[in-house]
Amino acid sequence: MVDHVTTIYQCTLPFHEYKINSRGHLPFSTSKLSHPNSKQNQKPLPSPHPANAEAPITMVTVSVKWQKEVYPAVEIDISQPPYVFKCQLYDLTGVPPERQKIMVKGGLLKDDADWSKVGVKEGQRLMMMGTADEIVKAPEKGPIFVEDMPEEEQVVNVVLRKKYPQFGQQSNGAFMQQDAEECWTQLLYTLSQSLKLPSSSEGLDVVKALFGIEFDNRIHCAESGEESTETETVYSLKCHISQEVNHLHEGLKRGLKSELEKASPSLGRSAVYVKDSRINGLPRYLTIQFVRFFWKRESNQKAKILRKVDYPLSLDVYDLCSDNLRKKLEGPRQVLRDAEGKKAGLKTSVKTSVSTAGDSKMTEAEESSSGSGEASKSTAQEGLLPEEEHQLTGIYDLVAVLTHKGRSADSGHYVAWVKQENGKWVQFDDDNPILQREEDITKLSGGGDWHMAYICMYKARVVPM
Amino acid sequence: MSKTPDPNSTGASGSKSNREEATIKVPSKDPKKKDDKKDEDLSEEDLALKQQLELYVERVQDADAGLQKVALESMRQEIRTATSSMTSVPKPLKFLRPHYGTLKGNYEKMPDSDVKKLLADILSVLALTMSAEGERESLKYRLLGSQGDIGSWGHEYVRNLAGEISQEYGKRQSEEAPIDDLMELVQQIVAFHMKHNAEPEAVDLLMEVEDLDLLVEHVDSTNYKRTCSYLTSSAKYLPGPDDMLVLDIAYTIYMKFEEYPSALVTALYLDNTQYVKQVFTSCDDLLRKKQFCYILARHGQTFELDTEMCAEDEERERLQEIINNTKLSEGYLTLARDIEVMEAKTPEDIYKPHLLDGRASAGASVDSARQNLASTFVNAFVNAGFSQDKLMTVPSEASSGAASTSWLFKNKEHGKASAAASLGMILLWDVDSGLAQLDKYFHSTDTHVIAGALLGVGIVNCGIKNECDPALALLAEYIDKEDPSIRIGAIMGLGLAYAGSQNEQIRDKLTPILGDSKASLDVLAFTAISLGLVYVGSCNEEIAQAIIFALMERIESELGEPFARLLPLGLGLLYLGKQESVEATAEVSKTFNEKIRKHCDMTLLSCAYAGTGNVLKVQHFLGQCAQHFEKGETFQGPAVLGIAMVAMAEELGLEMAIRSLEHLLQYGEQNIRRAVPLALALLCISNPKVNVMDTLSRLSHDSDSEVAMAAIVSLGLIGAGTNNARIAGMLRNLSSYYYKEANLLFCVRIAQGLVHLGKGLLTLSPYHSEHFLLSPTALAGLVTLLYACLDMKAIVLGKYHYILYFLTLAMQPRMLLTVDENLKPLSVPVRVGQAVDVVGQAGRPKTITGFQTHSTPVLLAAGDRAELATEKYTPLSPILEGFVILKENPDYRDDQ
């Protein structure tokens, strides 16, 4: 209550001559007040006595309703502006006068209104609205709505679908499942178009350096003896799966030899050509696709080959390479072998002291990543050595697998399994990451209804030269 | 009577007796052949009777008057004592049939005497089976006869006579011949019918001879209820002024037998304030007066009690409080607590995303303003009137306002107006707390928030009157503000708060806006609607003029806009249900610009005949819809809605309208198809009929998205406040089907909110009191929303979604709350079941079927009726709906 009184002095500055008692009534000089007693006993004023008719009647008692409460006897001095009345109510309700809304006939009571024009009657019920609640303020930073965003940001997928309408295919009102490999190819293509190394003048692109596989193709026609060579760059190796293929390596090898029919200029008709491909340039990251989906003509649908095809944790592509490349690889491979031999030696010769800092790092890495030492080693070295001193060895370590679960290309579920920096494997199932053991990764090779590898990503093992 | 359709099988003696004549006459077509045949296989007894009768006939032809008299009296004796089954002609009549001609001839030759009169009596009875159709010989001889006790010849004779009288009356009316002798007979017949449980026949006869006043003399305490129920239900099928006349008589009879609640309901149907006053002044029981006040409050009638109606000031104040609906919120919350649904529900509780498979449930990480707006509405509809929710209000202990504020600002721009106003919906009818909670928004700097607060004040006050007029005081100063959204908020708020009040202050404040050429079209449209609501069904000339001028002054290009079409609706609401009174204004509307002319015409007609069941008007609207236009004409939408508005009055017309609408779906143009779901919604509002539900479900997948949207919203409207599981399931599936289509999804959400309106405690049906009374304000609110839905994209899906709050006008608890003499809730057992139509049935038939016994307060579904399952109390109103005061039965003895 004390607080109220103090505040009311502040807010009633123009009326500072009135003191407000604790009951919320303004005391009046006796000359103005015809019934000084009535103030004490809080009763409504009796109707004017004929005896004091000469004194102007200035007090009217009303009841005020505020929210669910009713203040039964509030006296109004109608010779004072309504602002005084509001201050009285402030004391009763705690609502500051400027936030009070008092309903009288014909609208709200104005601070400077004339009571005689408002026409309050004895015993009338007035209604007051207002709260001391905090005023609603808009948050500093309003929420961002989907509708406000530029169209492209609304959903990531929208961009993809816009750029490649084939991914926007719908059936039954929902978007259809799309091929992950197709998506990967398109992504790489788009990146290769837009990303250029700033330093390289001839526009050697980053994507090609990282993912591109150069092929030397020798096309040979047995009938006519024609022979031609050409080079091409692809971004993934295909592992074709047939009855005989049980292992990734076999599939890759078969992929290098293919037959095609084309018009032979010398024979003047179409003839069977044999295309023999050899790798002439290796990428930093090797992408391998298991060609599990194919168009089944008889049933008119995309079918899936469930056959089990094993893949190794580390892959050597030396025998898929051209002679040129093999020569280049010899050196680094030797270094690698030496390093491994040394390591084996270290392991066999117990308590031999570690000589170099690099070696000590190697062992540490080996210890920490239990069995995946090679990959870690290369990571560790990458940080130490400048780029150009790295040499490819033709040996690759598995770093990521994309699996597909389900019986057909139009349905199922894609999941990514990725090796982390620390050598641990994590399965990314939508937004749900699950820790996995390395031995389980090789079990994704198919042959059942479990997740099976569709795309494998290998990382090159490099040696410093 | 024979001109109008027959409401039920027992009614309409005129047509019935005609039918019987026909059946009886079948054998008389070839009498000789048959009689010959029958002669052979007559039993001995019959043969004797036949010979006896033949003898009498011979003797009648005798010259001796004494002999004649004896013969005639014997003949009369035979006829009177004869009994027969329903299907065959009594034997004496059958045997006398060949002699009818002879007796007739004889009668002509006889000199005037008592004997001649006696013969006339017998001829009159014989004519029952013999006279050719249209001859009315039975009546002719009756008038020539002795005029004795009419009932002595049996019921069938009286019925036949009544039929002939109505034909004769028609003939004499056209010839302007005197009818005194007929009326004397009518008196006798009516007296007979009224004594013998055949009130419908008596009423029918009196209607035929256009002298219903006679009825008042003949009703007594045993049959007045049946008589009145027949009168009131037949009123719906009568044309023109006759229906009012019939109800007038019903009112008189009710008053005569001091059946005041029924008299009051009839007076309300007649919209006759004088009669309402009379009910109050005639009754001197205070408790009964309180019940009257509850009835008036439910109807949404604005009514001021004066000292004549209740002398005591304090009592009058308390009665006025009931009429002002101040206790509605309290009663509603009592019901909610009893049913245990106080717990606030979130929009998620309504969407039930966990029941849908995968994709639709995946919550987006970014807020969608459209979806938040939908949630705002769903939250408001579901928690309407409960004073608590989980978005807008927060428990008092955590009154930092944080939660409330944050949700408010999760809406975008004009969405904030709807969000702020939704607080009004949550605190519906609770004026004191509502105003207190809305107050904080008034001090906002955001114009949309202020607009919402103004609208919220209107919503809170919807249907509630307060002597301090807080809504007017608060809103009045905002109606001339610059910002159009604030203006619309204040104007719409006034319309909602004072609907049906005919408040002159509001008229004086709002009419100038119509003349303001600078005001934008949307402000103008909302002003017209608000004025239409405040003066609904008043035929107020001044406002009508103002709207007409506004329509004439606007430039042509504006008249094609969606909002221009709401102006005629405001005009139409002024004439809601007032039939012919609209004609002068309709004439003026023919001079409008052609863009709006037809539209205005349809709107005015449909409003004026809303709830009348006028078949001719329905046909007129159907005719309008049958026209095919190259370009979509806007007037056909109102015409389709007009069918529903007119036909919604009674069950038969309603069923026919539903069938007609099916045809429109098949053959109509696209603009008609868009309106059909909305018309179906109006016909079955809060009453989910399975066939309509199926139609709407089918249309909700329509290839035209506007048809689909209208159908989805309509699904919500027919299920409004029912919690209907089937509709809820349909809508859930639609929400996953349309999860990529923002507009359709918004409609689905709104519909979901409507189905769970007030957690299933509310109804939107404008009909109440056993589907007898039509609340004009409720209908006006519904119609306004439906008109807005005719152009969904421009209005509801645009910036004017708060037009959905017009539904507040139609929202009423669908409850039966019994209170004791101190108006405190009193729990008693009641039987609730499907209502049975017992009009015109003899005896005391069961009024409900398939009932269950509950204790009050209870919910009443559409078509449900309740009756007390205890003798301990007697209700003060025969209609157990809403608030009903119970009085202890002094005769009650406890079994133990």
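The values are calculated or read from the model by the stated rules, or taken from the named source; none is laboratory data. The structure displayed is predicted, hence computed values, not measured ones. So basically every Cβ, Gly included, is an ideal-geometry build from the backbone, and we count neighbours across all protein chains shown.
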**Single match in B:Val796, B:Val783 (criterion: out of contact with any Ser or Thr (no Cβ under 9 Å at 6 or more places or on another chain) and within 17 Å of B:Phe526 (Cβ to Cβ))** = B:Val796
**Request:** Within segment B:412-429, count every residue that is within 9 Å of chain A (Cβ to nearest Cβ) and either at pLDDT below 85 or in a loop (DSSP other than H, G, I, E, B) (or both).
**Result:** 1
**Complete:** For segment B:368-391, pairs from a residue that is away from chain A (no Cβ under 13 Å) and part of a loop (DSSP other than H, G, I, E, B) to a residue that is crowded, with 24+ Cβ neighbours inside 10 Å and aromatic (Phe, Trp, Tyr), with Cβ under 6 Å and 6 or more apart or across chains, are B:Gly385/B:Tyr332; B:Gly385/B:Trp429
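For B:Asn691, indicate whether it is assigned to a helix (DSSP H, G or I), out of contact with any Ser or Thr (no Cβ under 9 Å at 6 or more places or on another chain) and not aliphatic (A, V, I, L, M).
Working: assigned to a helix (DSSP H, G or I): yes; out of contact with any Ser or Thr (no Cβ under 9 Å at 6 or more places or on another chain): yes; not aliphatic (A, V, I, L, M): yes.
For B:Asn691, the condition - assigned to a helix (DSSP H, G or I), out of contact with any Ser or Thr (no Cβ under 9 Å at 6 or more places or on another chain) and not aliphatic (A, V, I, L, M) - is met.
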**Message:** For B:Gly463, only one of the following conditions fails: (1) at negative phi; (2) more than 13 Å from chain A (Cβ to nearest Cβ); (3) surrounded by 20 or more Cβ atoms within 10 Å (Cβ to Cβ). What is its number?
**Reply:** (1)
**Prompt:** Just to be sure, is B:Arg76 closer than 24 Å to B:Ile189 by Cα, over 47 Å from the mean Cα position of the chain (by Cα) and not hydrophobic (A, V, I, L, M, F, W, C)?
**Reply:** yes
**Complete:** Among (1) at pLDDT below 85; (2) within 14 Å of chain A (Cβ to nearest Cβ); (3) in a loop (DSSP other than H, G, I, E, B), B:Thr326 falls short only on (1)
**Prompt:** Failed condition for A:Val291, given (1) buried (at least 17 other Cβ atoms within 10 Å of the Cβ); (2) of a type outside the set (Asp, Glu); (3) within 26 Å of A:Leu402 (Cβ to Cβ); (4) in contact with a His (Cβ under 7 Å, 6 or more places away or on another chain), with all others met?
**Reply:** (1)
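Within segment B:253-271, does at least one residue satisfy the condition of being of a type in the set (Phe, Trp, Tyr), surrounded by fewer than 20 Cβ atoms within 10 Å (Cβ to Cβ) and out of contact with any Gly (no Cβ under 9 Å at 6 or more places or on another chain)? Walk me through it before giving the result.
We begin by selecting, within segment B:253-271, every residue of a type in the set (Phe, Trp, Tyr); these are B:254, B:257, B:260, B:269.
Narrowing the set further to residues that are surrounded by fewer than 20 Cβ atoms within 10 Å (Cβ to Cβ) leaves B:257.
Now restrict to residues that are out of contact with any Gly (no Cβ under 9 Å at 6 or more places or on another chain): B:257.
There is at least one residue in segment B:253-271 that is of a type in the set (Phe, Trp, Tyr), surrounded by fewer than 20 Cβ atoms within 10 Å (Cβ to Cβ) and out of contact with any Gly (no Cβ under 9 Å at 6 or more places or on another chain).
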**Message:** Quick check on B:Gly500: is it assigned to a helix (DSSP H, G or I), more than 8 Å from chain A (Cβ to nearest Cβ) and not basic (Lys, Arg)?
**Reply:** no
**Asked** Quick one: what pairs do we get from segment A:81-104, first residue in a helix (DSSP H, G or I), second among the small types (Gly, Ala, Ser), C-beta under 6 Å, 6+ apart or different chains?
**Response** A:Pro82/A:Ala113; A:Gln88/A:Gly24; A:Asp91/A:Gly24; A:Leu92/A:Gly24; A:Arg99/A:Gly130
**Asked** Scanning for something at pLDDT 80 or above, part of a strand (DSSP E or B) and over 13 Å from A:Glu227 (Cα atoms), does segment A:292-299 turn up at least one residue?
**Response** yes
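Against the condition at negative phi and within 13 Å of chain B (Cβ to nearest Cβ), how does A:Ile102 come out, does it pass? Break it down into steps so the answer makes sense when it comes.
On the way: at negative phi: yes; within 13 Å of chain B (Cβ to nearest Cβ): yes.
So A:Ile102 fits the description; yes.
Here's the yes/no breakdown for (1) free of Cβ contacts under 8 Å to residues at least 40 places away in the same chain; (2) polar (S, T, N, Q); (3) farther than 19 Å from B:Cys789 by Cβ:
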{"position": "B:Leu682", "(1), (2), (3)": "no, no, no"}
{"position": "B:Ile685", "(1), (2), (3)": "no, no, no"}
{"position": "B:Val690", "(1), (2), (3)": "yes, no, yes"}
{"position": "B:Arg698", "(1), (2), (3)": "yes, no, no"}
{"position": "B:Ala710", "(1), (2), (3)": "no, no, no"}
{"position": "B:Leu717", "(1), (2), (3)": "no, no, no"}
{"position": "B:Thr722", "(1), (2), (3)": "no, yes, yes"}
{"position": "B:Ala725", "(1), (2), (3)": "yes, no, yes"}
**Item:** Which listed residue, of A:Lys117, A:Lys110, is more than 7 Å from chain B (Cβ to nearest Cβ), under 30 Å from B:Glu504 (Cβ atoms), modelled with pLDDT of 75 or more and assigned to a loop (DSSP other than H, G, I, E, B)
**Value:** A:Lys110
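Based on this model, can you work out whether A:Lys105 counts as surrounded by fewer than 17 Cβ atoms within 10 Å (Cβ to Cβ) and touching a helix residue (DSSP H, G or I) at 6+ places or on another chain (Cβ under 9 Å)? Outline the logic, then answer.
Numbers: surrounded by fewer than 17 Cβ atoms within 10 Å (Cβ to Cβ): yes; touching a helix residue (DSSP H, G or I) at 6+ places or on another chain (Cβ under 9 Å): yes.
The answer is yes for A:Lys105.
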**Message:** Can you report the number of residues in segment B:477-496 which are within 13 Å of chain A (Cβ to nearest Cβ) and crowded, with 19+ Cβ neighbours inside 10 Å?
**Reply:** 4
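If you go through segment A:127-147 one residue at a time, do you hit one that is touching a Cys at 6+ places or on another chain (Cβ under 7 Å), at pLDDT 80 or above, at the interface with another protein chain (Cβ under 9 Å from one of its Cβ atoms) and part of a strand (DSSP E or B)?
The first filter runs over segment A:127-147 and keeps only residues touching a Cys at 6+ places or on another chain (Cβ under 7 Å), leaving A:127.
Checking the rest, the ones that are also at pLDDT 80 or above come to A:127.
Filter again for at the interface with another protein chain (Cβ under 9 Å from one of its Cβ atoms), leaving A:127.
This time we only want the ones that are part of a strand (DSSP E or B), so: A:127.
Yes, there is a match, as at least one residue in segment A:127-147 is touching a Cys at 6+ places or on another chain (Cβ under 7 Å), at pLDDT 80 or above, at the interface with another protein chain (Cβ under 9 Å from one of its Cβ atoms) and part of a strand (DSSP E or B).
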**Request:** For segment B:789-796, indicate whether the set of residues that are assigned by the TED database to the domain that holds B:Leu774, surrounded by 23 or more Cβ atoms within 10 Å (Cβ to Cβ) and small (Gly, Ala, Ser) is non-empty.
**Result:** no
**Item:** Test: residue in segment B:521-531 that is among the small types (Gly, Ala, Ser) and either more than 21 Å from B:Leu455 (Cβ to Cβ) or in contact with a Ser or Thr (Cβ under 8 Å, 6 or more places away or on another chain) (or both)
**Value:** no
